[in-house]
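The values are calculated or read from the model by the stated rules, or taken from the named source; none is laboratory data. Everything quoted here is computed from the prediction, not taken from an experiment. Reconstructed Cβ throughout: ideal geometry from the backbone, glycine too, with neighbour counts over all protein chains shown.
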Amino acid sequence: MRELYNVRVLPGEGAGEDDAAATPLTADEERRYRGLLFTELGNEIADRGWARHPAYTPEDRRRLVDVAERLTAHWGQRVFVEAEDLTRLRLCLASHRTP
């Protein structure tokens, strides 16, 4: 087991923080991560018509909604975002929506 010395909680990481806390990623990291999601989820949706991805925080949900909007603009057909449960979102084309 490894001992952790001089470990500190960074601002925005403590218990009881509100949902409006800023993302821990830099602007460049955020841009690259959204680009990765765009590519990976876009490929999965193109293959199956839908994809699911974990969304544990409000920021995760905002990222996935942004990716769905970018895919909609890129493909010219609407990509829908549906909540499957509290921790997972489903992105899909109209033909694969759940009733």
Practice problem: Any residue in the stretch 35-56 that's in contact (Cβ under 8 Å) with a residue 40 or more places away in the chain and surrounded by 13 or more Cβ atoms within 10 Å (Cβ to Cβ): show its pairings with residues that are of a type in the set (Ser, Thr, Tyr) and in a helix (DSSP H, G or I) at Cβ separation under 9 Å, as long as the two are six or more apart or on different chains. | Solution: Gly49/Ser95
Quiz item: Checking Asp60 against (1) loosely packed, with under 14 Cβ neighbours inside 10 Å; (2) more than 16 Å from Cys92 (Cβ to Cβ); (3) not basic (Lys, Arg), which single condition isn't satisfied?
Solution: (1)
Self-check item: Residue in the stretch 71-99 that is surrounded by the most Cβ atoms within 10 Å (Cβ to Cβ), counting only those that are free of Cβ contacts under 8 Å to residues at least 24 places away in the same chain and of a type in the set (Val, Ile, Thr)
Solution: Val81
Practice problem: Would you mind telling me which numbered condition in (1) modelled with pLDDT under 90; (2) surrounded by 10 or more Cβ atoms within 10 Å (Cβ to Cβ); (3) at negative phi Ala20 fails? | Solution: (2)
Quiz item: In this structure, is Ala68 buried (at least 16 other Cβ atoms within 10 Å of the Cβ), touching an Asp or Glu at 6+ places or on another chain (Cβ under 7 Å) and under 19 Å from His96 (Cα atoms)?
Solution: no
Self-check item: Flag for Glu3 being on the phi < 0 side of the Ramachandran plot and at pLDDT below 90
Solution: yes
